[in-house]
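Some notes on the structure that comes next.
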Amino acid sequence: MNRTDFFAEIWNQYIQMTPQAKRIQALFRARGENVVNDHVAFRTFDIEGFDLDRATELLAAIGYESFDHYTFLDKHLRATAYCVSGDPSVPKIFFSELIRSELDADAQAIICEVTSSLKGELTLSDLKGYYPFHKPTLKQYQTLVEASEYAGWLSTMGYQANHFTINVNALQTLGSVEEVIELLLEHRYQLNEAGGHIKGTPADLLIQASTIADQISFEFSDGIVSSIPSCFYEFAYRLADSNGELFQGFVPNNANAIFESTYRR
Ligand code: NI
């Protein structure tokens, strides 16, 4: 699979789960915008063969190298950022994993059961919407989300792009994240308000905002159907560092708030 096909396929999967993303992209295009991605994000558990080490191997096959690492203590997560060296026009990838040992025993036992069906290793094509888990019961899901909203999301949504992110620097008619927010609010999109609509300051060199995830219906293993958060859309504006180069990394405080876009409402 080449990188272009990979992105086309993960986008097609993502917009099925995230109809707002298709509508927002259409809204931007109707203004004459050519929508370019800043990054795409994926989530996983820290299980050998499915963890960040495996993600690093898979992404290397389509030209990506890791360039930074982050930890999110209160969310029991760590993450790695990947780019195609020397080509900032290729979207970056932000891959996070849940550190299972940091959760309580009940949550760990549920994750153990949910992931008992995992076989072999994660593959690149799994990232296009593979659900390899043993579905939780609604009660297990509720216990899991109390311990970790991230674990609840992953146990129901499986492997797919958690969000795409529009590169705001590349927009012609909207000059800032503030202007993007204004347009989205005019069109009644719900935005992530954790720490305010805007995540980051010019001093961080990265300013971001995101929508609240769409909701989809999910049948739990006990036959109960309930709505769960699916995926969301993000917007990122980058500033130049002291060398005049646009900052390409991520800012832990911003990312920490953006994870909350998939929290249950
Ligand atoms: Ni992001």
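Restricting segment 26-43 to residues that are more than 15 Å from the ligand (Cβ to nearest atom) and not small (Gly, Ala, Ser) leaves a set whose member that is modelled with the lowest pLDDT is Asn34. The residues in segment 29-73 that are under 19 Å from the mean Cα position of the chain (by Cα), farther than 22 Å from Ser148 by Cα and among the basic types (Lys, Arg) can be counted, and the count is 1. Residues in segment 187-225 that are within 14 Å of Ala257 (Cα to Cα), in contact (Cβ under 8 Å) with a residue 60 or more places away in the chain and in contact with a Phe, Trp or Tyr (Cβ under 7 Å, 6 or more places away or on another chain): Thr211, Ala213.
Would you point out which residue out of Ser66, Ser85 is without any contact (Cβ under 8 Å) to a residue 24 or more places away in the chain, in a strand (DSSP E or B) and polar (S, T, N, Q)? Step through it out loud before you land on a result.
Details: Ser85 fails: in a strand (DSSP E or B).
Answer to the selection: Ser66.
So is Val114 out of contact with any helix residue (DSSP H, G or I) (no Cβ under 6 Å at 6 or more places or on another chain), surrounded by 14 or more Cβ atoms within 10 Å (Cβ to Cβ) and among the hydrophobic types (A, V, I, L, M, F, W, C) or not? Spelling it out, it is not the case that Val114 is out of contact with any helix residue (DSSP H, G or I) (no Cβ under 6 Å at 6 or more places or on another chain), surrounded by 14 or more Cβ atoms within 10 Å (Cβ to Cβ) and among the hydrophobic types (A, V, I, L, M, F, W, C).
The rows are residues; the columns are (1) of a type in the set (Gly, Ala, Ser); (2) within 21 Å of Met157 (Cβ to Cβ); (3) free of Cβ contacts under 8 Å to residues at least 40 places away in the same chain.
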site: Met17; (1), (2), (3): no, yes, no
site: Ala21; (1), (2), (3): yes, yes, no
site: Asp46; (1), (2), (3): no, yes, no
site: Glu57; (1), (2), (3): no, no, yes
site: Phe72; (1), (2), (3): no, yes, no
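For segment 239-250, the criterion of being over 25 Å from Ala170 (Cβ atoms) and either among the small types (Gly, Ala, Ser) or within 16 Å of the ligand (Cβ to nearest atom) (or both) is satisfied by no residue at all. In the condition set (1) within 16 Å of the ligand (Cβ to nearest atom); (2) out of contact with any Gly (no Cβ under 7 Å at 6 or more places or on another chain); (3) modelled with pLDDT of 95 or more, Gly152 is compliant with all but (1). For the criterion of being among the hydroxyl-bearing types (Ser, Thr, Tyr) and not in a loop (DSSP other than H, G, I, E, B), Ser261 passes.
Would you pick out the residues in segment 76-124 that are within 17 Å of the chain's Cα centre (by Cα) and away from the ligand (no atom under 16 Å from the Cβ)? The answer is His76, Leu98, Ile99, Leu124. Of the residues making up segment 199-220, those that are surrounded by fewer than 17 Cβ atoms within 10 Å (Cβ to Cβ) and under 22 Å from Asn167 (Cβ atoms) are Thr201, Pro202, Ala203. For segment 229-265, filtering for residues that are within 20 Å of Arg23 (Cβ to Cβ) and either over 15 Å from the mean Cα position of the chain (by Cα) or surrounded by fewer than 16 Cβ atoms within 10 Å (Cβ to Cβ) (or both) leaves 1. Residues of segment 16-46 being closer than 30 Å to Ser101 by Cβ, out of contact with any Ser or Thr (no Cβ under 6 Å at 6 or more places or on another chain) and not in a strand (DSSP E or B), which ones? Residue satisfying the conditions is Asp46 alone. If you go through segment 188-201 one residue at a time, do you hit one that is in a helix (DSSP H, G or I) and of a type outside the set (D, E, K, R)? No, that holds for no residue. Look at Leu184 and say whether it is in a helix (DSSP H, G or I) and in contact (Cβ under 8 Å) with a residue 60 or more places away in the chain. Yes; evaluated as a whole, the condition is true for this residue.
The values are calculated or read from the model by the stated rules, or taken from the named source; none is laboratory data. These numbers come from a predicted model, not from an experiment. Here the Cβ is made from the backbone with ideal geometry for all residues, glycine too, and neighbour counts use every protein chain on show.
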